[in-house]
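The structure under discussion appears below in the form of structure tokens.
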Amino acid sequence: MQRTSDPDITGAGSTSDGLRSAVADNRDPNYDVDPLLVNRWSPRTMTGEQLAEDELLALFEAARWAPSSYNNQHWRFVYATPDDDRWAAFTELLAEGNRQWANDAAALVVVLSKTTFDHNGEHAPTHSFDTGAAWENLALEGARRGLVVHGMQGFDYDGARELFDLTDEYAVEAMAAVGVHDESSAPDDEQPNQRKPLDEIVFAGEFTPN
């Protein structure tokens, strides 16, 4: 079965302040921020449904508009879907714990970054930082559409390098599973988590390790 885009999905199950019901039960932002930022979280339970190509590619379109040093756009996304020949190779990269649930994804994505600038070939110090910005755009667009977009570091980084025959000009950053959330079979402990208070992560003028 393939899910097609639903233009009304952003409002599905939302409370009056724009937070989805499950999010509102577990998260309470201290300041007025866009509900989309709070609604994004990383469930694991997916239905196994495939996504229409335009819905999947829309996530990469969102990533495309991220900022980057010198507009170098360091990010690269390599994906496979269950009907691709390389799906098995992508799932084999995953740690066993992640493989158990990510097999129900509609797509697995390997996130890479180009470590050099296009204009001079020199090392780009912010290649990971900029690629992280693109990843967040992708994840937020997935949240807007009500999709699971779950980032992972539990996979074989060296195996990914070998799979794509990467040179030192590219770094392996992360993997992600994208799919349709299966709320009906989610375990009780699968719920949006809270965040550290601002005074633990924000410092005025000087930094105090904690």
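The values are calculated or read from the model by the stated rules, or taken from the named source; none is laboratory data. Please read these numbers as outputs of a predicted model, since none were measured by experiment. Note: ideal-geometry Cβ built from the backbone for every residue, glycine included; neighbour counts use all protein chains shown. Heavy atoms of the whole protein, side chains included, go into the accessibility calculation; ligands, DNA and RNA do not. Shrake-Rupley method; radii C 1.70, N 1.55, O 1.52, S 1.80 Å.
Restricting to the stretch 21-40, name every residue that is open to solvent by less than 40 Å² (accessible area, probe 1.4 Å) and under 14 Å from residue 190 (Cβ atoms).
Result: 23, single match.
If you take the residues in the stretch 13-38 that are of a type in the set (Val, Ile, Thr) and assigned to a loop (DSSP other than H, G, I, E, B), which one is modelled with the lowest pLDDT?
Step one: filter the stretch 13-38 for residues of a type in the set (Val, Ile, Thr), giving 15, 23, 33, 38.
In the following step, the residues that additionally are assigned to a loop (DSSP other than H, G, I, E, B) were identified as 15, 33.
Values: 15: 69, 33: 94.
Selected residue: 15.
Return yes when residue 151 is within 23 Å of residue 180 (Cβ to Cβ), under 13 Å from the mean Cα position of the chain (by Cα) and open to solvent by 10 Å² or more (accessible area, probe 1.4 Å) and no when it is not.
yes
Spot the failing condition for residue 70; the list is (1) among the hydroxyl-bearing types (Ser, Thr, Tyr); (2) part of a strand (DSSP E or B); (3) open to solvent by 70 Å² or more (accessible area, probe 1.4 Å), and only one is missed.
That leaves (2) as the condition not met.
Within the stretch 187-210, take every residue that is within 19 Å of the chain's Cα centre (by Cα) and closer than 30 Å to residue 2 by Cα and give me the one that is surrounded by the fewest Cβ atoms within 10 Å (Cβ to Cβ).
At the first step, the residues of the stretch 187-210 found to be within 19 Å of the chain's Cα centre (by Cα) are 190-195.
With closer than 30 Å to residue 2 by Cα added as a condition, the list becomes 190-193.
Working: 190: 17, 191: 14, 192: 19, 193: 8.
Ranking the candidates gives 193 first.
Could you count how many residues in the stretch 101-139 are open to solvent by less than 50 Å² (accessible area, probe 1.4 Å) and charged (D, E, K, R)?
2
Restricting to the stretch 102-148, name every residue that is assigned to a loop (DSSP other than H, G, I, E, B) and within 18 Å of the chain's Cα centre (by Cα).
Going through the stretch 102-148, the residues assigned to a loop (DSSP other than H, G, I, E, B) turn out to be 103-106, 115, 117-122, 124-126, 145-146.
103, 104, 105, 106, 145, 146, listed by residue number.
Taking the stretch 73-96, which residues are open to solvent by 50 Å² or more (accessible area, probe 1.4 Å), out of contact with any helix residue (DSSP H, G or I) (no Cβ under 8 Å at 6 or more places or on another chain) and over 22 Å from residue 57 (Cβ atoms)?
88, 96
Can you tell me which residues in the stretch 161-175 are touching a residue at least 12 places away in the same chain (Cβ under 8 Å) and assigned to a loop (DSSP other than H, G, I, E, B)?
Within the stretch 161-175, 166, 168, 169 meet the criteria.
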